[in-house]
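The structure appears right after this line, and notes come after that.
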Amino acid sequence: MSVIRRAGEHGLLVETGSLAASHRLDALLRASRPEGVVEIVPGPETVLVVAPGADLPRLRSGLAGLRELALSSSGAASLSEEVVTVPVVYDGEDLASVAEETGMPVEEVIGRHTGRELVAGWLGFAPGFAYLTGLDPALRVPRLATPRTSVPAGSVAIAGPYAAIYPTASPGGWRLLGRTSLRVWDVHAQPPSLLPPGTRVRFEAA
């Protein structure tokens, strides 16, 4: 199977095999953006490169070289120097049930949620929705069996091995621990997402 595949009319999907390699390839592409590339979307084990009108065979060749460079690097993934602190009011609808399922007092759930630095792995589900990796394993709980029809913007949630902040109001099945007034998605900002891949994040009880 090819490690670089066509994705739609204008895209190439590069298999990286790991989130760290995806972050390294993303950093390489942004440092020296190939001609014609308009969008770079890192994922858990892939990077999507969208380049309308570009010479795709030539771009594929260049991506193959950058992929090898990203895979051969023994260093850590490129992370932001700044840590984004997210103030949270811990009054979420699922806070008590998460405490019950994990066998902890509510105060310990909050302490474990605020006690680790997380990293934005990739964006998905909705514009600006960052999957935050590095959640304390003790807080891993499944999504709701029946998703809510509407989750307010700014809701701070967990599901499986990830944490997240809902950038806009939307349906969702993640467990709600609280809410933040921090705006993580603004179409008028550059970049629009406050938490692009590689961003270091720490939650703080408000």
Search result, residues across region 122-154 that are open to solvent by 30 Å² or more (accessible area, probe 1.4 Å), closer than 20 Å to V89 by Cβ and more than 18 Å from the chain's Cα centre (by Cα): R148, S150, P152
Index of the failed condition, V49 passing every other in (1) open to solvent by 50 Å² or more (accessible area, probe 1.4 Å); (2) over 25 Å from A163 (Cβ atoms); (3) β-branched (V, I, T): (1)
Neighbours by Cβ (under 6 Å, 6+ apart or cross-chain): first from region 193-205, over 24 Å from E39 (Cα atoms); second open to solvent by less than 10 Å² (accessible area, probe 1.4 Å): F203/V86; F203/V88; F203/H113
Close pairs (8 angstrom Cβ cut-off, 6 or more residues apart or separate chains): without any contact (Cβ under 8 Å) to a residue 40 or more places away in the chain in region 147-159, among the aromatic types (F, W, Y) and open to solvent by 10 Å² or more (accessible area, probe 1.4 Å) anywhere: V151/W174; A159/W174
Hits in region 111-153 - residues which are of a type in the set (V, I, T), in contact with a helix residue (DSSP H, G or I) (Cβ under 8 Å, 6 or more places away or on another chain) and outside any loop (DSSP other than H, G, I, E, B): T133
Pairs, first touching a residue at least 24 places away in the same chain (Cβ under 8 Å) in region 98-112, second among the small types (G, A, S) and loosely packed, with under 14 Cβ neighbours inside 10 Å, C-beta under 7 Å, six or more apart: T102/A138; I110/A205; R112/A138
Pairs with Cβ under 9 Å, 6+ apart, first in region 1-12 and farther than 10 Å from P52 by Cα and modelled with pLDDT of 90 or more, second part of a strand (DSSP E or B) and of a type in the set (D, E, K, R): V3/E15; I4/E15; R5/E15; L12/R5; L12/R6
Index of the failed condition, T180 passing every other in (1) open to solvent by less than 10 Å² (accessible area, probe 1.4 Å); (2) at pLDDT 95 or above: (1)
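The values are calculated or read from the model by the stated rules, or taken from the named source; none is laboratory data. These figures come from a predicted structure and were not determined experimentally. Note that each Cβ is placed from the backbone with ideal geometry, even for glycine, and that neighbours are counted across all protein chains shown. The area values use the complete protein model at the heavy-atom level, side chains included, leaving out ligands, DNA and RNA. Shrake-Rupley method; radii C 1.70, N 1.55, O 1.52, S 1.80 Å.
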